[in-house]
Amino acid sequence: MKIITIIGARPQFIKAAPVSRVLRAHVEELIIHTGQHYDTNMSDIFFEELNIPKPDFQLGIGSFSHGKQTGEMLVGIERILLKEKPDYVLVYGDTNSTLAGSLAASKLNIPIIHIEAGLRSFNKKMPEEVNRILTDHISEYLFCPTDTAVGNLKNENITNNVINVGDVMYDAVLYNRELANEKSEIIKNLEISDEDYHLITIHRAENTDDPERIKNILEALNEIDTLKVWPIHPRTKNVLKSMGYNLDDIHNLKVIEPVGYLDMLTLESQAKKIITDSGGVQKEAYFMRIPCVTVRDQTEWIETLKYDANILTGTDKQSILEAVAKETTPEYLNVFGDGHAAEKILDIIIQ
Ligand code: UD1
Ligand code: UDP
């Protein structure tokens, strides 16, 4: 059996790591990297640290408008699929690389395996929501991370080959947590102390591309006394620069370049709180039992909201400040599987 996996953005490298590891032992897998993310610390670092097999095809598309980026990926992926004739195409999540991969496969009648299927924010203004709805509706196998995702698909009449296998990001955290403890020197290198800082990540277009929302977030950060460590996504860095913001002006903020996965796990696990708009980071906060504040209006990961483990604030300054200040003692539920999602996916594929 031949599977072509299509990845291109940071969270997809992390999701592919546990899956490719088990897949390769049993089936032929080729990887197409679309080149959506390309900086060393947005791409290569993950392949090296997580031992992800080197991509067999590098499309090198890079950054463009949504239409041009997705269109160029579609052309490049189709060319490879026509030549390689895989039995399945495997895609992850909800990025433009996901949509391009699934569209290219669908038009050639190649069955699609979608990992992290069924997530919904119910906000179609987000590019991710459209990408995931379209991908789910043309996929043959839909591997869901939670029961909520299975239910979302059922509401859209998608019930065939829909399986809750758990979350592959949980697999990745369990596999790498110890390694991160052993190898990461980020706390020492940044000269910070455990549990003495909040970790920040902001990159969603809904925040960065809305001047009012980003202003509110920055004003809230400025009013938080605790040290804040912010590995900044290149999108956010570019937007803030073009808007004339100087992050040095924000009180007690340490801005750093994006970090590798092992450093990120370490920063997350030692943080007092995590303030984010990332999908993956919300879940990792939950896996590591670190209180999270999500500066978005919706989250796909509604399980994390129970018992205030994750507080959804939108971008109202006061709401952010109250959530960050709130003392919480959440209970954590076992809703993301048992850390063996990748093996379950493999079992189903080879059956
Ligand atoms: C993409 C995904 C988003 C995901 C995020 C993960 C879509 C529509 N969005 O958003 O769902 O949460 O990845 O990080 O697919 N840039 C660089 N270097 C890089 C990559 C990007 O400088 O290596 C800059 C470029 O200015 C680019 C901007 O970041 O225009 C945005 O990159 P893009 O991949 O288009 O979207 P993300 O915001 O990263
Ligand atoms: N991440 C990382 N380094 C960073 C920021 C994030 O390794 O500097 C990891 C993070 O641990 C998580 C994933 O990237 O596994 C989340 O990706 P991102 O926030 O870019 O996208 P999203 O999950 O929102 O789609």
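The values are calculated or read from the model by the stated rules, or taken from the named source; none is laboratory data. For clarity, every value in this text was computed on a predicted model and none was experimentally measured. Positions of Cβ are generated from backbone atoms using ideal geometry, with glycine treated the same way; all protein chains shown enter the neighbour counts. Each accessible area value is taken on the protein alone, full model and side chains, heavy atoms only, with ligands, DNA and RNA left out. Shrake-Rupley method; radii C 1.70, N 1.55, O 1.52, S 1.80 Å.
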statement: Cα-based Rg/(2.2 N^0.38 Å) for the stretch 183-316, rounded to two decimals, is 0.99
message: Can you tell me the orientation of helix 66-84 relative to the chain, as the angle in degrees between its alpha-carbon axis and the longest Cα principal axis, to the nearest 10?
response: 40
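Which of the chymotrypsin sites (Phe, Trp or Tyr not before Pro) found in the stretch 112-186 are loop residues per DSSP with 12 or fewer other Cβ atoms within 10 Å of their Cβ?
PHE122
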- line: Averaged over all viewing directions, the convex hull of the alpha carbons in the stretch 145-250 casts a projected area in nm² of 10.2
- line: Rounded to whole Å, √(5λ) for the Cα gyration tensor eigenvalues of the chain, largest first, gives 32, 21, 20
- line: Once the dipole of the stretch 174-307 is set up from charges on Cβ (+1 Lys and Arg, -1 Asp and Glu), the residue from the list PRO211, VAL229, MET288 lying farthest towards its positive end is MET288
query: If the limit is 26 Å between Cα atoms, which of LYS183/LYS317; LYS125/LYS317; LYS183/LYS254 go over it?
result: LYS183/LYS317
task: Could you work out how far the C-alpha centroid of the stretch 325-345 sits from that of the stretch 54-131, in angstrom?
output: 28
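Say the cut-off is 29 Å between C-alpha atoms; which of LYS68/LYS273; LYS85/LYS124; LYS83/LYS237; LYS15/LYS215; LYS68/LYS154; LYS15/LYS68 go over it?
Checking Cα-Cα distances, LYS68/LYS273; LYS85/LYS124; LYS83/LYS237; LYS15/LYS215; LYS68/LYS154 exceed 29 Å.
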- request: Quote the convex hull volume per residue of the stretch 1-49, based on C-alpha atoms, as a whole number of Å³.
  value: 61
task: Compute the accessible area per residue over the chain, keeping the other protein chains in place, probe 1.4 Å, unit Å².
output: 43
message: If I fit a long axis through the Cα atoms of helix 341-350 and take the longest principal axis of the Cα atoms of the chain, what angle between them do I get, 0 to 90°, rounded to 10?
response: 10
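Please list the equivalent ellipsoid semi-axes of the stretch 22-113, computed as the square roots of five times the alpha-carbon gyration tensor eigenvalues, in descending order and whole angstrom.
20, 19, 10
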field: Helix 211-222 axis, angle to the chain major axis (alpha carbon atoms, nearest 10°)
entry: 50
query: Ignoring ligands, DNA and RNA, what percent of the accessible area of the chain is carbon or sulfur (1.4 Å)?
result: 47
Estimated [θ] at 222 nm from DSSP helical runs (n ≥ 4, -39500 (n - 2.57)) normalised by residues in the chain, nearest 500: -13000 deg cm²/dmol
